[in-house]
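**Student:** One structure follows; several queries about it will come next.
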Amino acid sequence: MDFESFFQGKLEDLHEEGRYRVFADLERHAGQFPRATRYFEGEKRDVSIWCSNDYLGMGQNKNVMDAMKNAIDAHGAGAGGTRNISGTNHTHVLLEEELADLHGKEAALLFTSGYVSNWASLTTLASMLPNCVVFSDADNHASMIEGIRHSKAEKRIFKHNDWKDLDEKLSKVDPDCAKLVAFESVYSMDGDIAPIKEICEIAKKHGALTYLDEVHAVGLYGPRGGGIAEERGLMDQIDIIEGTLGKAFGVMGGYITGTAKLCDFIRSYASGFIFTTALPPALAAGAIASIQHLKESNWERMQQRKNVAKVRKGLEKAGIPYMKNDSHIIPVMVGDAKKAKFLSDYLLDKYNIYVQPINYPTVAKGTERLRITPSPLHTQEDIDHLVTSLSELWSQCALARQVA
Ligand SMILES: *Cc1c(COP(=O)(O)O)cnc(C)c1O
């Protein structure tokens, strides 16, 4: 077989559909977020980033950076092994205590990323619980879908955020089967928020275990950054809360929290936890500093919310259509893969604004978009520049405006 031409053919398919991914080659500058340098065809350009998942700019927070630097000086670069074989550093233990406290749970378990935490935990639960049937929200993240698929457990997909559909689907399953309901709080592409209370009530009625991905909410919602479940006073209603240290916390890593027995069970059986080198202690130290900072400080959350409101207002005035939601995510709807890519390229080349286009399979075909995530550190000038640039582009491309 001619492997090279096979690869080339597959890549050409993506180009034709306008969904070949091109990474922006960025150099972030600590202290200057959301500004960065972009390397492109041998040249350097200043850009302002409008699509970062470092939602609060914690990646350049001084406490976080100091904690990481100090931890390297004190403990060295790497963890030294898997958690089981010499890799458990005291910093990991402290971070797990910090996370359990954040979500009001008995225990927490660290993974190398949020993706791995979902994949490993759901695989282990769904494959080991007796006759497990998994109820998965239709819009769940790839990491959950892959974990459930890998478990080979039976799966029922319920309509997005639809607890009535979930109730109906749960009713149809043998009461003796173990049941697991997996969903997210803030869905990152539409920015809509799950009816957590209703879903938990339904799950409880049917004796199902609940698994909530709060990746796009931790650090951002709740008085201590515990997520939507904290904000709504529902943390104790959920069996397993999963999160990332890589988005609002600005570092890297993933975790689950739950009862001590549940975490011990995953710790003891999950291949994706056991057979991989533990996070460097410096990452764990940075994460602790970030979590502690956001447990105390509301400034980042308040300032972010103000900026989100300002961007929305600007877009409304300019008649640029965006999807309404109750979160910090602003999806500007384009509805065509090639157009979304073109707008993004043009914003970057002509206006030094970086917003990555979001295309299929991340979102459904026909709902392609620019996903804007204002941070606490964007200035009024940044916001005005974004809105004016989008407005000019909308005219140039004769895109439909929405009359307020
Ligand atoms: C990004 C993301 C993850 C994965 O988290 P990482 O720490 O980036 O691996 C999991 N769930 C959702 C909903 C995400 O958007």
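**Student:** Kindly report the accessible area of the chain per residue (heavy atoms of protein chains, probe 1.4 Å, no ligands, DNA or RNA), in Å².
**Tutor:** On the way: 18520 Å² over 404 residues.
In whole numbers, the chain has 46 Å² accessible per residue.
**Student:** Also: From the Cα gyration tensor of region 189-322, with a ≥ b ≥ c the square roots of its eigenvalues, which class applies: rounded if a/c is under 1.5, or else prolate if a/b is larger than b/c, or else oblate?
**Tutor:** Verdict is oblate for region 189-322.
**Student:** Whenever you get a sec, compute what percent of the accessible area on region 224-280 sits on carbon and sulfur atoms (1.4 Å probe).
**Tutor:** Numbers: 1150 of 2180 Å².
Here carbon and sulfur together make up 53 percent of the probe-accessible area.
**Student:** Filter K62/K350; K164/K295; K306/K338; K204/K365; K152/K179; K205/K261 down to the pairs with a C-alpha to C-alpha distance above 24 Å, please.
**Tutor:** Details: K62/K350 33 Å; K164/K295 35 Å; K306/K338 32 Å; K204/K365 35 Å; K152/K179 14 Å; K205/K261 22 Å.
Among K62/K350; K164/K295; K306/K338; K204/K365; K152/K179; K205/K261, the Cα-Cα distance tops 24 Å for K62/K350; K164/K295; K306/K338; K204/K365.
**Student:** Mind telling me which of G243, G335, G59 comes out most flexible in a GNM of the chain, alpha-carbon contacts under 10 Å?
**Tutor:** G335
**Student:** Label points 7 Å out from Cα along the Cβ direction at S127 and V403: separation in nm?
**Tutor:** Reported label-point gap for S127 and V403 is 5.8 nm.
**Student:** Sticking with this structure for a sec: Using a 7 Å offset from the Cα along the Cα-to-Cβ direction at both R45 and K324, what is the distance between the two label points in nm, to one decimal?
**Tutor:** Taking the simple label geometry, R45 and K324 are separated by 3.5 nm.
**Student:** Would any residue of region 55-76 have its amide N under 17 Å from a label point 7 Å out along Cα→Cβ of L94? List them or say none.
**Tutor:** 62-76
**Student:** A further question follows. Could you give me the ³J(HN,Hα) list for region 173-182, computed from phi with Karplus coefficients 6.51, -1.76, 1.60 and θ = phi - 60°, whole Hz, x at Gly and Pro?
**Tutor:** 9, 3, x, 7, 6, 6, 10, 9, 10, 10
**Student:** Expected output is a single nm value to one decimal: the length gained when fully extending between S171 and M302, i.e. 0.36 nm times separation in residues minus the C-alpha distance. What is it? Could you put the intermediate results ahead of the total?
**Tutor:** Working: separation 131, 0.36 × 131 = 47.16 nm, distance 4.19 nm.
Taking 0.36 nm per residue and subtracting the Cα distance, the gain is 43.0 nm.
**Student:** Expressed in nm to one decimal, what extension gain is obtained for the pair R312 and I157 from 0.36 nm per residue of sequence separation less their Cα-Cα distance?
**Tutor:** On the way: separation 155, 0.36 × 155 = 55.80 nm, distance 3.26 nm.
Gain in length upon complete extension: 52.5 nm.
**Student:** Return a whole-number percent for the relative contact order of region 160-221, with Cα pairs under 8 Å and 6 or more residues apart as the contact set.
**Tutor:** Relative contact order comes out at 41 percent.
**Student:** Counting pairs of alpha carbon atoms under 8 Å apart in space and at least six apart in sequence, what relative contact order in percent does region 25-152 give? Show your work: numbers first, answer last.
**Tutor:** Working: 101 pairs, mean separation 15.5, N = 128.
Relative contact order of region 25-152: 12 percent.
**Student:** Another question, then. How large is the convex hull of the Cα atoms of the chain per residue, expressed in Å³ as a whole number? Write down the numbers at each step before the final one.
**Tutor:** Values: hull volume 67.7 nm³, N = 404.
Dividing the Cα hull volume of the chain by its residue count gives 167 Å³.
**Student:** Taking only DSSP H segments of four or more residues, each worth -39500 (n - 2.57), what value at 222 nm results for the chain once the sum is divided by all its residues, to the nearest 500 deg cm²/dmol? Don't jump to the answer; show the numbers that get you there.
**Tutor:** Details: 14 runs with 171 residues, N = 404.
Dividing the helical sum by the residues of the chain leaves -13000 deg cm²/dmol.
**Student:** Rounded if a/c is under 1.5, else prolate if a/b beats b/c, else oblate: with a ≥ b ≥ c from the C-alpha gyration tensor eigenvalues square-rooted, which is region 62-177?
**Tutor:** Working: a/c = 2.81, a/b = 2.29, b/c = 1.23.
Prolate, because a/c is 1.5 or more and a/b exceeds b/c.
**Student:** A further question on this structure: Karplus couplings for region 154-170 from phi (6.51 cos²θ - 1.76 cosθ + 1.60, θ = phi - 60°), rounded to Hz, Gly and Pro as x?
**Tutor:** Computed from phi, the couplings for region 154-170 are 5, 10, 10, 9, 9, 4, 3, 6, 9, 6, 5, 5, 4, 4, 4, 5, 5 Hz.
**Student:** Could I ask something else about it? Indicate the gyration tensor shape class of region 312-404 (rounded, prolate or oblate), computed on the Cα atoms with a ≥ b ≥ c the square roots of the eigenvalues: a/c under 1.5 is rounded; otherwise a/b larger than b/c is prolate and the rest oblate.
**Tutor:** Numbers: a/c = 1.29, a/b = 1.20, b/c = 1.08.
Because its axes are fairly even, with a/c under 1.5, region 312-404 counts as rounded.
**Student:** Exactly which chymotrypsin sites (Phe, Trp or Tyr not before Pro) in region 215-319 are in a DSSP loop and have at most 14 other Cβ atoms within 10 Å? List each step's numbers first, then the result.
**Tutor:** Values: sites: Y221, F249, Y255, F265, Y269, F273, F275, W299; in loops: Y221, F249, F275.
When the chymotrypsin sites (Phe, Trp or Tyr not before Pro) of region 215-319 are filtered for loop state and at most 14 Cβ neighbours within 10 Å, F275 remain.
**Student:** Right, something else. Which percent, nearest 5, of DSSP beta bridges in the chain are antiparallel?
**Tutor:** Numbers: 28 of 47 bridges.
Approximately 60 percent, going by the DSSP bridge assignments.
**Student:** When only DSSP loop residues count, what trypsin sites (Lys or Arg not before Pro) in region 304-395 have their Cβ near at most 15 other Cβ atoms within 10 Å? Spell out each step's value before the answer.
**Tutor:** Numbers: sites: R305, K306, K310, R312, K313, K317, K324, K338, K339, K341, K350, K365, R369, R371; in loops: K324, K365.
The qualifying sites are K324, K365.
**Student:** Another question, if that's okay. Using only the alpha carbons of region 307-346, determine the length spanned along each of the three principal axes and report them from longest to shortest in whole angstroms.
**Tutor:** Sorted largest first, the three principal extents are 28, 19, 15 Å.
**Student:** Could you tell me how far the Cα centroid of region 195-254 sits from the Cα centroid of region 357-404, in Å?
**Tutor:** After rounding, the separation between the Cα centres reads 29 Å.
**Student:** Length gain on complete extension for the stretch A74 to K339, per 0.36 nm per residue less the alpha carbon to alpha carbon distance? Don't jump to the answer; show the numbers that get you there.
**Tutor:** On the way: separation 265, 0.36 × 265 = 95.40 nm, distance 5.03 nm.
Separation in residues times 0.36 nm, less the Cα-Cα distance, equals 90.4 nm.
**Student:** Return the FRET efficiency for the residue pair K205, D101: r is the Cβ-Cβ distance, R0 is 30 Å, and the value is rounded to the nearest 0.05. Spell out each step's value before the answer.
**Tutor:** Numbers: r = 30 Å, r/R0 = 0.99.
In this case the efficiency is close to 0.50.
**Student:** If you take the beta carbon distance between T276 and D384 as r and set R0 to 41 Å, what does 1/(1 + (r/R0)^6) give as a FRET efficiency, to the nearest 0.05? Working shown, then result.
**Tutor:** On the way: r = 46 Å, r/R0 = 1.12.
Once the sixth-power term is evaluated, E becomes 0.35.
**Student:** Any idea what the relative contact order of the chain is, in percent, if you count C-alpha pairs under 8 Å spaced at least 6 apart? The partial results should precede the final answer.
**Tutor:** On the way: 789 pairs, mean separation 86.6, N = 404.
Relative contact order comes out at 21 percent.
**Student:** In region 54-196, what percentage of the DSSP-assigned beta bridges are antiparallel, given to the nearest 5?
**Tutor:** DSSP beta bridges in region 54-196 are roughly 10 percent antiparallel.
The values are calculated or read from the model by the stated rules, or taken from the named source; none is laboratory data. Fair warning: this is a prediction, and the values are worked out from it, not measured in the lab. Note that we place each Cβ from the backbone using ideal geometry, even for glycine, and neighbour counts take in every protein chain shown. Note: areas computed on protein heavy atoms with side chains; ligands, DNA, RNA excluded. Shrake-Rupley method; radii C 1.70, N 1.55, O 1.52, S 1.80 Å.
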